[in-house]
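See structure below.
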Amino acid sequence: MSVLRLAYYELSPDLLQGFRQVKQGLEGSPLGLPIIELVYLRVSQINGCSFCLNMHTKALRERGESERRLAELAGWRVSSQFTSREKAALAWTESLTYVVNTHADDNDYLPVKEHFSDKEISDLTFAIALMNGMNRLAIGMRQ
């Protein structure tokens with residue numbers, strides 16, 4: 001077990017509040033919380049944030065997500081458990097999380113355009129950015 005490096009939530013509460021405002025704004029998104037939570041969980045799987053993995057797995061279970069879908073999320077590309085809409089969102093999630101390698105390629109963006117409105121794409125991109133930022137805080141400070 002690691003020790004908290006810095007209590008960033010106490011040291012920078014105003015900055016953390018900005019992240020919380022984005023999260024609250026996403027709660028009213030037309031995307032819907034189930035897909036947002038799937039995105040949060042997938043980002044946290046990629047980044048290896050145990051705090052966030054626990055939190056978002058719990059949130060999905062509370063919303064009635066099946067154990068099978070939770071178990072297969074890391075292998076969503078070959079799973080029959082996810083819709084084409086969810087797969088488009090997850091591909092965009094991975095593309096932005098691995099942006100240093102993917103450069104947000106059109107092959108990942110164009111399927112998103114087929115399944116989501118412009119507003120939903122914007123919200124989805126904010127959700128991905130938010131969770132990547134939160135993961136970096138939690139991992140960096142050893143939360």
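The values are calculated or read from the model by the stated rules, or taken from the named source; none is laboratory data. Given the structure is predicted, the values throughout are model-derived calculations rather than measurements. For neighbour counting, all protein chains shown are included, and Cβ atoms are generated from backbone atoms with ideal geometry for every residue, glycine included. The area values use the complete protein model at the heavy-atom level, side chains included, leaving out ligands, DNA and RNA. Shrake-Rupley method; radii C 1.70, N 1.55, O 1.52, S 1.80 Å.
Quick rundown of the values:
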{"item": "Out of Val39, Val3, Val22, sole residue that is of a type in the set (Val, Ile, Thr), outside any helix (DSSP H, G or I) and either open to solvent by 40 Å² or more (accessible area, probe 1.4 Å) or touching a helix residue (DSSP H, G or I) at 6+ places or on another chain (Cβ under 9 Å) (or both)", "result": "Val3"}
{"item": "Qualifying residue in segment 58-77 (condition: under 18 Å from Leu137 (Cα atoms) and of a type in the set (A, V, I, L, M))", "result": "no"}
{"item": "Residues that are farther than 27 Å from Arg61 by Cα and touching a Gly at 6+ places or on another chain (Cβ under 9 Å), drawn from segment 7-36", "result": "Tyr8"}
{"item": "Every pair of residues 6+ apart whose Cβ atoms lie under 8 Å, when the first sits in segment 103-127 and is closer than 9 Å to Ala88 by Cβ while the second is open to solvent by 50 Å² or more (accessible area, probe 1.4 Å) and in a helix (DSSP H, G or I)", "result": "Pro111/Ser84; Pro111/Lys87; His115/Ser84; His115/Arg85; Phe116/Arg85"}
{"item": "Test: residue in segment 50-57 that is touching a Leu at 6+ places or on another chain (Cβ under 8 Å) and surrounded by fewer than 20 Cβ atoms within 10 Å (Cβ to Cβ)", "result": "yes"}
{"item": "Residue match in segment 51-66 (condition: in contact (Cβ under 8 Å) with a residue 40 or more places away in the chain, in a helix (DSSP H, G or I), touching a Ser or Thr at 6+ places or on another chain (Cβ under 6 Å) and under 19 Å from Lys23 (Cα atoms))", "result": "yes"}
{"item": "Long-range neighbours under 9 Å by Cβ, at least six apart or interchain, first residue acidic (Asp, Glu) within segment 28-40, second outside any helix (DSSP H, G or I) and open to solvent by 50 Å² or more (accessible area, probe 1.4 Å)", "result": "Glu37/Arg63"}
